[in-house]
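Q: Take a look at this one; I'll ask things after.
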Amino acid sequence: MRNILTRAAALVAAVVFTMLLCACSVTYDESEIISASAELIEASYDINTVFFGSGLPAVESDDEVLRHYEIAEDSPYHTKDEIKTATLAVYSPDYAEFLFEKAFAGFVFSAGDEDSVEADQIIDARYVEYGDRLVILPIKDEDVMKLDRTYDTANITVVSQKRGRVVLSVPSFVDGVPSDDVELTVIMTADGWRLDTPTY
């Protein structure tokens with residue numbers, strides 16, 4: 001009986017090991033990954049502008065009570081849903097959720113240690129639905145992130161890959177000048193490959 005149990009345990013262990021080995025050894029077509037990633041990186045520039053840069057084009061509101069500006073008619077997006085759809089076409093759901101929280105709900109920024117009376121600062125939502133309009137909170141030029149990094153998407157290389165996740169190395173430029181090779185991660189989602197790391 002003991003021999004049977006020992007053999008059964010060994011068989012289960014072998015099956016589990018084989019399953020884990022298979023899970024770790026999944027490989028994807030590198031040319032497909034590189035092509036999809038190049039498109040995602042290029043598309044990320046506009047999405048980064050929406051969340052971190054100058055934001056959507058806007059016009060000053062006539063409403064003296066409203067601190068936000070109205071989204072301009074020539075803006076590529078006019079609703080939260082349109083922004084979310086465009087973002088989820090580029091970034092993973094988890095990273096996109098971070099962007100949505102930052103842009104649509106605001107957040108608390110810790111500016112000091114726990115004992116500091118000025119440790120926390122409230123950062124207001126960038127975009128707010130005001131009636132049937134989407135409006136944007138204007139921010140100071142010095143608070144706009146300088147989105148000056150671009151990528152040589154013709155020279156992407158695959159660093160590593162495992163089930164559902166691939167790490168890439170991409171040459172980058174800052175203000176058009178060659179800079180570091182940056183590692184970016186893409187993950188496989190129900191809708192295809194998506195960036196799981198920021199590109200700014």
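Q: List the residues, sorted by chain then number, that are 5 or more residues from residue 151 or on another chain and whose placed amide H is less than 5 Å from its amide H.
A: For residue 151, the qualifying residues are 173.
Q: Mind checking which lysines have their Cα closer than 21 Å to the Cα of residue 140? Skip sequence neighbours fewer than 8 apart in that chain.
A: Hits, sequence-local ones excluded: 102.
Q: Between residue 42 and residue 160, what length in nm is gained on full extension when 0.36 nm per residue of separation is reduced by their alpha carbon distance?
A: On the way: separation 118, 0.36 × 118 = 42.48 nm, distance 2.15 nm.
Extending this stretch completely gives an extra 40.3 nm.
Q: Using a Förster distance of 25 Å, how high is the FRET efficiency between residue 35 and residue 179, based on the Cβ-Cβ distance and rounded to 0.05? The partial results should precede the final answer.
A: Values: r = 23 Å, r/R0 = 0.93.
Calculated transfer efficiency: 0.60.
Q: Now for a different question. For residue 106, enumerate residues with amide H under 5 Å from its amide H, sequence gap 5+ or separate chain, H modeled in the peptide plane.
A: So residue 106 has HN proximity to 125, 126.
Q: Let me ask you something else. Using modelled amide H (1.01 Å from N, peptide plane; none on Pro or chain starts), what sits under 5 Å from the amide H of residue 134, excluding residues fewer than 5 places away?
A: When sequence neighbours closer than 5 places are left aside, the close amide H contacts are 71.
Q: Still on this structure, please answer the following. If r is the Cβ-Cβ distance from residue 79 to residue 167 and R0 is 45 Å, what FRET efficiency results, to the nearest 0.05? Don't skip to the answer; put the middle values down first.
A: Working: r = 34 Å, r/R0 = 0.76.
For residue 79 and residue 167, the calculated efficiency is 0.85.
Q: Taking the Cβ-Cβ separation of residue 189 and residue 145 as r and a Förster radius of 22 Å, what is the calculated FRET efficiency to the nearest 0.05?
A: Working: r = 26 Å, r/R0 = 1.17.
Taking R0 as 22 Å, the efficiency between residue 189 and residue 145 is 0.30.
Q: Karplus couplings for segment 33-48 from phi (6.51 cos²θ - 1.76 cosθ + 1.60, θ = phi - 60°), rounded to Hz, Gly and Pro as x?
A: Here the 3J(HN,Hα) series is 4, 5, 5, 5, 5, 4, 5, 5, 4, 4, 6, 5, 4, 5, 5, 4 Hz.
A short reminder: the numbers here are calculations on the coordinates, not readings from a lab. Everything quoted here is computed from the prediction, not taken from an experiment. Virtual Cβ from ideal backbone geometry, glycine too; neighbours counted across all protein chains shown.
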